[in-house]
Amino acid sequence: RLRSIEKQPSVKMIKINTVDEAKEALLSRIGFKRVDSISGINDELLIENTKQLVRLEDKFGAIHKSSLTRFDDANHANAVACAESGYATPHIQNLSLCRSHYFDKTQMLQKEKKWVDSKWSVPCLESELPIVSLTHEYGHMIQNNLVAQAMREAGWDENNYFAFMDRKA
């Protein structure tokens, strides 16, 4: 039996019912430094995914542990959602929901279900289809923070991004 990824506080406890409340939560509660264009994201999907980000951030704090974080509706060619960071700067992260998938809720849910059924995506409950890709990408943000932590322990710091690179090579 599949376990739900929604074990944190109930969605009802998280008051995000409008796009304006979602944008406010992305900045103030979740901790993004910038929220760029989000007009390409279906309103319902934006709200559901923002609630999931609140749950994830309350549990793991990956965005608060990052620097210069940005949230947007980028259009990456082969991605549904995307967490990005640099090799020398794993703590500087961006999270994008790709407008080519998130603009239409019905189409997006059909695609997610197809990917889960074909085992191309992680197994999840049908109620979690709207948030499964974002949850996956948030995992990459946790991973990037772990890489930054290991780099710090090895002598790297944010003031010398290229400490481990031979820039003459």
Of the chymotrypsin sites (Phe, Trp or Tyr not before Pro) in region 119-169, which ones lie in a loop per DSSP and count no more than 13 other C-beta atoms within 10 Å?
-> W120, F162, F164
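Which percent, nearest 5, of DSSP beta bridges in the chain are antiparallel?
50 percent
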Geometric extent, Cα atoms of region 85-169 - Rg, Dmax (angstrom) = 17.7, 52
What translational diffusion coefficient, in µm²/s and rounded to a whole number, does the Stokes-Einstein relation yield for region 97-141 at 25 °C and a viscosity of 0.890 mPa s, taking the hydrodynamic radius as the Kirkwood radius over Cα pairs?
-> 229 µm²/s
Mind putting a number on the dipole of the chain about its Cα centre? Charges go on the C-beta only, +1 for Lys and Arg and -1 for Asp and Glu, and I need it in Debye to the nearest 20.
-> 340 debye
Work out the charge dipole of region 22-169 with +1 on the Cβ of Lys and Arg and -1 on the Cβ of Asp and Glu about the Cα centre, then indicate which of L53, L68, N78 is farthest towards its positive end.
-> L68
Give the range of the longest stretch in the chain that excludes all trypsin sites (Lys or Arg not before Pro) found in loop regions by DSSP and having at most 14 other beta-carbon atoms within 10 Å.
-> 34-118
Work out the FRET efficiency for S127 and A163 from their Cβ-Cβ distance, taking R0 = 45 Å, and round it to the nearest 0.05.
-> 0.50
R0 of 22 Å, Cβ-Cβ distance K15-E44: FRET efficiency to nearest 0.05 | 0.90
Which percent of the accessible area of the chain is formed by carbon and sulfur heavy atoms (probe 1.4 angstrom)?
-> 52 percent
Among E57, E153, E44, which one moves the most in a GNM of the chain with springs linking Cα atoms closer than 10 Å?
-> E153
Any helix of the chain counts here only if DSSP assigns it H throughout, its Cα atoms span 20 Å or more along the axis, and its mean Kyte-Doolittle hydropathy is at least -0.5, and such helices are 132-153
Highest GNM mean-square fluctuation, the chain, Cα pairs closer than 10 Å: which of N49, N78, N17?
-> N78
Expected 222 nm ellipticity per residue - DSSP helices of 4 or more, -39500 (n - 2.57), all of the chain, to 500 | -11500 deg cm²/dmol
Would you mind classifying region 55-98 by shape? Square roots of the alpha carbon gyration tensor eigenvalues, ordered a ≥ b ≥ c; an a/c under 1.5 is rounded, otherwise it is prolate if a/b is larger than b/c and oblate if not.
-> oblate
For region 51-169, what is the accessible area per residue in Å², given a 1.4 Å probe and the full set of protein chains?
-> 55 Å²
Indicate the gyration tensor shape class of region 12-108 (rounded, prolate or oblate), computed on the Cα atoms with a ≥ b ≥ c the square roots of the eigenvalues: a/c under 1.5 is rounded; otherwise a/b larger than b/c is prolate and the rest oblate.
-> oblate
In percent, how large is the relative contact order of region 13-165, given Cα pairs closer than 8 Å and 6 or more residues apart?
-> 22 percent
Which entries of K65/K111; K51/K105; K15/K114; K33/K113; K51/K113 show an alpha-carbon separation above 28 angstrom in the structure shown?
-> K65/K111; K15/K114; K33/K113
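The values are calculated or read from the model by the stated rules, or taken from the named source; none is laboratory data. Please read all numbers here as calculations on a predicted model, not as lab measurements. With ideal geometry, Cβ positions are generated from the backbone for all residues, glycine too; neighbour counts draw on all protein chains shown. What goes into the accessible areas is simple: the full protein's heavy atoms, side chains included, and nothing from ligands, DNA or RNA. Shrake-Rupley method; radii C 1.70, N 1.55, O 1.52, S 1.80 Å.
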